[in-house]
Structure formats: C-alpha cells, structure tokens
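S.K.: Below: one structure in structure tokens.
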Amino acid sequence: MSHDANSPLAFIWSGWTATWPTELLALIWIAWLISWAIGAFFSARTEKHVRTWDSRAYRIPILAGAILLTPWTAELLGEQPLWNPGNTATYVLAVLTLAGTLFTWWARIHLGRFWSNAITRKEGHRVIDTGPYGLVRHPIYTGLIGAMSATAIAVGTVTAVLGAFLIAIGLWQKARMEEGFLTSELGADAYGPYCRRVPMLIPFLRPR
C-alpha cells in the first residue's frame, strides 16, 4: 500500500504498517479495534466500579505500552528492527495474532452482558467458569497478551517489544485488581473456589 509521502496519511500508515507482510498485523488490529468498539454498546448496566484514580495502576502501563507498540513511535525515533523474522515467520506470527484476538472475542461473547472495559460489577453479575473461563480466569487478557507479543516479535523493534511487555504488566495488574474487587463484591465463597480451580492467565498452569 503506497501513499504520497507528503500527505498526513503517509505518516499514519507508516513504519511496519506500510510494509507487507507486517501490514497484515495492522489490518488485524484495526478490525479488532473497530469490532471491539461496536461490541461496547452491548453491555449490562453497571452497578459499581473501581474508581478511575485507583485504576491508574494498570491504565498507565497499558497506555504507555500501546504508544510504544504503535508504528509511529518507531518512525519518529528512526528505529530499526533488531531482527527480521522473514515473511514465513511473519505470516505465522500474524496467524498467532489473529488467534489471540479471536480468543478475546470468544471470551467476550461467552461473558455476554457482564463484559466491561473497566473493573465493574454488572447488574446480575455472577461467576462465569465455562468456555474460555474454564481455561483461565481472564481469557481476554490472555488473548491480548498473546496477540501483542506475537505482533512485537514480528515487528522486532525495541519499542514494540517494550510496549508489549508493559501492556502485559498492565493487564496482569488489572487482573489482580479485578480479582480483589470481584471477591469483595461477589463474596469469597463464590469467587474463591473458582480462583483455586482455574489459573489466572496461563492455561494449564497450577492455579494460585
């Protein structure tokens, strides 16, 4: 995909988003972002949520990581990839990225109207422990960490790898905060056994 070098679109669609096959990664993420935003309209009424100020513990690393992972950061810094995985490996990593995003959608559909972008208790909230939630307690975060890690490896820049790492740290922190919130809101008798039975983020890992 080519653009006039003097147009704003040339900067927006630059770096690893302008070169095939890493451009495929950008298309996957654009499709995911648009569909995810549309899905936000289908959610139950929120009864309680974690205060915005308290959520900074996970929002800041996620935001910083997202900025680092964008192609514009590497473009502004004139950064070069640390490695070139080659076309075949990039296609494999694109498939892994797609698999991760599809895993998030499986989890979101299975969660239904209990889903929220923030840490909340929805109307009629209960523990969901089937489908992807029988594999890990936070399958949306698992899918995102996997997809972003695959993207960072395909891109191969320091900022992309650091960005994926910060996002993973932020999602891990969000998962910990969410579990404390849900334990308090739903009761230790309801959420505790689920935590002891199902791992947090890594499937088949011994729960803690």
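S.K.: For a Förster distance of 22 Å, can you work out the FRET efficiency between the beta-carbons of ARG56 and THR183, rounded to the nearest 0.05?
M.R.: Working: r = 21 Å, r/R0 = 0.96.
Rounded to the nearest 0.05, the efficiency is 0.55.
S.K.: Right, next: How big is Rg to Rh over the chain, alpha-carbon atoms, Rh as the Kirkwood inverse-mean-distance radius?
M.R.: 1.01
S.K.: Can you give the extra length, in nm with one decimal, that the chain gains between ILE38 and ALA118 once fully stretched, where that is 0.36 nm per residue apart less the Cα-Cα distance?
M.R.: 27.2 nm
S.K.: Build a GNM of the chain with springs between Cα atoms under 10 Å: which of PHE181, PHE103, PHE41 gets the top mean-square fluctuation?
M.R.: Top of the fluctuation ranking is PHE41.
S.K.: Counting helices only, and only those DSSP H runs with n ≥ 4, report the 222 nm mean residue ellipticity of the chain as the sum of -39,500 (n - 2.57) divided by its residues, in deg cm²/dmol to the nearest 500.
M.R.: On the way: 8 runs with 126 residues, N = 208.
Computed ellipticity for the chain at 222 nm equals -20000 deg cm²/dmol.
S.K.: Can you give me the pair-distance distribution of segment 147-208, C-alpha pairs, 10 Å bins, whole percents?
M.R.: The percentages, shortest bin first, are 21, 36, 26, 14, 2.
S.K.: Report the relative contact order of segment 133-183, percent, no decimals, based on alpha-carbon pairs under 8 angstrom and at least 6 residues apart.
M.R.: Relative CO of segment 133-183 lands at 34 percent.
S.K.: Averaged over all directions, how much area does the convex hull of the C-alpha atoms of segment 59-167 cover when projected, in nm²?
M.R.: Average projection, Cα convex hull of segment 59-167: 7.6 nm².
S.K.: How large is ³J(HN,Hα), in whole Hz, for each residue of segment 166-177 in order, when computed from phi with the Karplus curve 6.51 cos²θ - 1.76 cosθ + 1.60 and θ = phi - 60°, using x for Gly and Pro?
M.R.: With the stated coefficients, segment 166-177 comes to 5, 5, 4, 4, x, 5, 5, 5, 5, 4, 5, 5 Hz.
S.K.: Could you tell me the relative contact order of the chain? Use alpha-carbon pairs under 8 Å, at least six residues apart, and round to a whole percent.
M.R.: Details: 274 pairs, mean separation 57.6, N = 208.
So the answer I get is 28 percent.
S.K.: Okay, moving on. Can you list the residues, at least 5 places off or on another chain, whose amide H is less than 5 Å from the amide H of LYS122, using H built in the peptide plane?
M.R.: Under 5 Å from the amide H of LYS122 lie the amide H atoms of GLU47, each far enough along the sequence or on another chain.
FYI, it's all coordinate maths here, none of it is from the lab. Values in this document were obtained by computation on a predicted structure and should not be read as measured data. Every residue, glycine as well, gets a Cβ built from its backbone with ideal geometry; the counts of neighbours run over all protein chains shown.
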